[in-house]
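First comes the structure, then the notes that go with it.
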Amino acid sequence: MFPFNIRVYGILINELGQVLLSDECRNGYAFTKFPGGGLEFGEGFKEALKREFQEELDLEIEAGELFYFNEFHQPSAFDARHQVHSFYYYVHTSDWRAVLTGDHIVPLSEEGEKNRWIDVDELKEEIFTFPIDKLVAEKLRKRV
């Protein structure tokens, strides 16, 4: 059986027109993506997204409208035997200022994750590591 990896990500845009990004380093592999992660057994997409934002950012969010999902085959960057399907939702919170950000060097060299805000009109494919995120960034920049 061919393993599927279902991912769910949030597009959080603040009142300043900035979108939240996550810079991460896992097992020595650094990457930049939208906040979110993997769907766990028994979860719905929006439920998983709420859990991910709570776990990673200690932030309560409301998952809104679906922005994008990939309809093409995308092998996982971590295991090419796995196929990734990613779903991107707009998310909303009244507490976006509570997101901890700071100056950090990208790419991260230490294990963990850090967050940053970037102006939506400054989004570029090269900021992101994964192919689907690159596509979403371009679509988002053109839409806003």
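Selection of segment 64-97 for residues being over 13 Å from the mean Cα position of the chain (by Cα) and within 18 Å of Val19 (Cα to Cα) yields Gly64, Glu65, Leu66, His92, Thr93, Ser94, Asp95, Trp96, Arg97. Taking segment 1-51 as the range and being acidic (Asp, Glu) and more than 19 Å from Pro131 (Cβ to Cβ) as the test, the residues that pass are Glu15, Glu40, Glu43, Glu47.
Of the residues making up segment 101-144, those that are free of Cβ contacts under 8 Å to residues at least 12 places away in the same chain and either in a loop (DSSP other than H, G, I, E, B) or under 12 Å from the mean Cα position of the chain (by Cα) (or both) are Asp103, Ile105, Lys134. Restricting attention to segment 67-87, does a residue exist that is out of contact with any strand residue (DSSP E or B) (no Cβ under 6 Å at 6 or more places or on another chain) and surrounded by 16 or more Cβ atoms within 10 Å (Cβ to Cβ)? The answer is no; no qualifying residue exists. When Arg81 is tested against (1) closer than 13 Å to Arg7 by Cβ; (2) in contact (Cβ under 8 Å) with a residue 60 or more places away in the chain, just one condition goes unmet, and that condition is (1). For segment 50-62, the tally of residues that are touching a helix residue (DSSP H, G or I) at 6+ places or on another chain (Cβ under 9 Å) and outside any loop (DSSP other than H, G, I, E, B) stands at 2. Does segment 44-59 include one or more residues that are touching a Lys or Arg at 6+ places or on another chain (Cβ under 8 Å) and at pLDDT 90 or above? No, the conditions are met nowhere in segment 44-59. Which members of segment 63-100 meet the condition of being hydrophobic (A, V, I, L, M, F, W, C) and assigned to a helix (DSSP H, G or I)? Listed by number, the residues that qualify are Trp96, Ala98. Return the residue satisfying two criteria in turn: it lies in segment 60-93 and is farther than 12 Å from Ile132 by Cβ and among the small types (Gly, Ala, Ser), and of such residues it is modelled with the lowest pLDDT. Selected residue: Ala80. Hey, any hits in segment 83-98 for a residue that's closer than 15 Å to Phe31 by Cβ and polar (S, T, N, Q)? Yes, segment 83-98 contains at least one residue that is closer than 15 Å to Phe31 by Cβ and polar (S, T, N, Q).
Taking segment 33-49 only, how many residues are at negative phi, part of a strand (DSSP E or B) and surrounded by 21 or more Cβ atoms within 10 Å (Cβ to Cβ)? Matching residues across segment 33-49 total 1.
Residue-by-condition table, conditions (1) touching an Asp or Glu at 6+ places or on another chain (Cβ under 7 Å); (2) aliphatic (A, V, I, L, M); (3) in contact (Cβ under 8 Å) with a residue 12 or more places away in the chain:
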| position | (1), (2), (3) |
| --- | --- |
| Ile13 | no, yes, yes |
| Glu24 | yes, no, yes |
| Phe31 | yes, no, yes |
| Pro35 | yes, no, yes |
| Ala48 | yes, yes, yes |
| Ile61 | no, yes, yes |
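The values are calculated or read from the model by the stated rules, or taken from the named source; none is laboratory data. Everything numeric here is computed off the predicted structure, so don't read it as measured data. Cβ atoms come from the backbone with ideal geometry, glycine included; neighbour counts cover every protein chain shown.
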